[in-house]
Amino acid sequence: MNDRIRDVYIVDAVRTPVGKYGGALAPVRPDDLAAHVLRALADRSPGLDPARIDDVVFGNANGAGEENRNVARMAVLLAGLPVSVPGATVNRLCASGMEAVVQAYRAIALGDASVVVAGGVESMSRAPWVLPKPARAFPAGHQELYSTTLGWRMTNPAMEPRWTVSLGEGAELIADKHGITREQQDAFAFASHEKAARAWQDGAYEAEVVPLPGVTLARDECIRDATSPEALAALKPAFRKAGGTVTAGNSSPLNDGAAALLLCDEEGLRATGREPLARVRASAVTGIEPDLYGLGPVEAVRRALAKAGRTFADLTHVELNEAFAAQALGCFAEWPGLDPGIVNRRGGAIAIGHPLGCSGARLTGSVAHQLAAAGSGTGLAALCIGVGQGQALVLER
């Protein structure tokens, strides 16, 4: 019987460079992407016998293609880990990678596990088209294929219509709600690219990015060093043609990538012989109206901070997923106590990319590495989630 809640440490975190849709990582299967970060993580802790890994939990938002049949377990086998290491795949759409971290955290905190690898993977390039079964046998007409890359498909007709608007229209609704202008969104997007490019130039990602052998991709593929406010201003609205403010330039792109983190209790930490990057302090997940999904992190962050006994003033490092500039700015508008200057210092998803199932793990790993580099502090990672949810995780060092 467990008589105490155990401290949970993030010992290490790795990720691939993020590839653009149809880009350098498109030839790589998602189960191979997951296996790569899992193998790299194990190799970076040679003192830890891989057989001591109690579980591998990976997030994935699609599950309809080559990552089917439980991509976490497939990654274990493809990475050459002992067959005794189990694996489970979880889906909380955009926060799937963070959900994996939270599930690992809970298992360790409750004493059900000592060493767990958590992560996430997505290949939006390789997401298949799917064909639903017909309502009756032997249909004579043409059948419709659905893309599983992003967004609603095969929508239940009983669902409230306003809840099933496109993700881009949802961002427009947030811009309307908070009076966020096109100019503000473009300025936010430009800053994301500037910060990401500078972070790569300064070597800020060297501690966590593990390139794939045989793939020519030295850094995140969607960063546009040459973009400018003028170039962003020239783009046409992508979702709301009349009076729209959301464009391809102030939205996150479609991407491929994987990330993984090693989490341990004190006993597992001793087995690694390493100093942890950070400790997990608290988490929270909340729901919201699906059409306003982009504001999902607002309440999740408040609850996670309250559980941790912390406030916005205590935060030193924040990673907020930039699904859209309007979405991130809408969250800022509802967090007057948060200093935007500590958010996404190394660029965000508009520049880096948003491979759905991977992003939550990428953000969490990024916060952990930044806390380790600083030597101390309180960090926060948070994401909005399609269909109206938000998730947040508080880390400390």
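Points worth noting:
- Stretchable slack from Asn156 to Leu110, in nm (0.36 nm times residue separation minus alpha-carbon distance): 12.8 nm
- Per-residue ³J(HN,Hα) for the stretch 80-86, Karplus 6.51 cos²θ - 1.76 cosθ + 1.60, θ = phi - 60°, Hz, x for Gly and Pro: x, 6, x, 5, 6, 7, x
- Cα→Cβ-extended label distance, 7 Å offset, between Thr216 and Glu275, nm: 3.9
- Rounded to whole Å, sorted largest first: equivalent-ellipsoid semi-axes of the stretch 286-365, Cα gyration tensor: 19, 16, 13
- When the chain is treated as a GNM with alpha-carbon contacts under 10 Å, the residue of Pro128, Pro290, Pro336 showing the greatest mean-square fluctuation is Pro336.
- Shape metrics for the stretch 228-341, restricted to C-alpha atoms - Rg then Dmax, Å: 18.6, 60
- Formal net charge of residues neighbouring Ala300 (Cβ-Cβ distance under 15 Å; K, R +1; D, E -1): +1
- Spatial separation of Cα centroids for the stretch 184-202 and the stretch 306-329, in angstrom: 18
- If you wrap the Cα atoms of the stretch 262-397 in a convex hull and average its projected area over all directions, you get 8.1 nm².
- Seen from Ala325, the other residues with C-beta closer than 12 Å to its C-beta sum to a net charge of -3, counting Lys and Arg as +1 and Asp and Glu as -1.
- Euclidean distance of C-alpha centroids, the stretch 1-58 and the stretch 106-120, integer Å: 13
- Label-point gap, in nm, between Ala88 and Ala135 - each point 7 angstrom along Cα→Cβ: 3.8
- Where only C-alpha atoms are counted, convex hull volume of the stretch 124-181 per residue in Å³: 119
- Taking the protein heavy atoms of the chain in the context of the full set of protein chains, the accessible area attributed to carbon and sulfur is 54 percent at 1.4 Å.
- The stretch 1-94: trypsin sites (Lys or Arg not before Pro) falling in loop per DSSP and having at most 15 other Cβ within 10 Å: Arg4, Arg69
- A cut-off under 12 angstrom between Cβ atoms defines the neighbours of Lys241, and their net charge, with Lys, Arg +1 and Asp, Glu -1, is 0.
- Between the exposed loop cleavage positions of the chain, defined as GluC sites (Glu not before Pro) in a non-H, G, I, E, B DSSP state with at most 13 neighbouring beta-carbon atoms within 10 angstrom, the longest gap is 207-397.
- Rg and Dmax of the chain, based on Cα coordinates, read 20.3, 66 Å.
- Based on protein heavy atoms only, the chain ends up with 40 Å² per residue of surface accessible to a 1.4 Å probe.
The values are calculated or read from the model by the stated rules, or taken from the named source; none is laboratory data. Since we're looking at a predicted model, the values are computed, not measured. Backbone-built Cβ (ideal geometry, glycine too); neighbour counts: all protein chains shown. When the accessible area is computed, the model is the full protein with side chains, heavy atoms only, and any ligands, DNA or RNA have been set aside. Shrake-Rupley method; radii C 1.70, N 1.55, O 1.52, S 1.80 Å.
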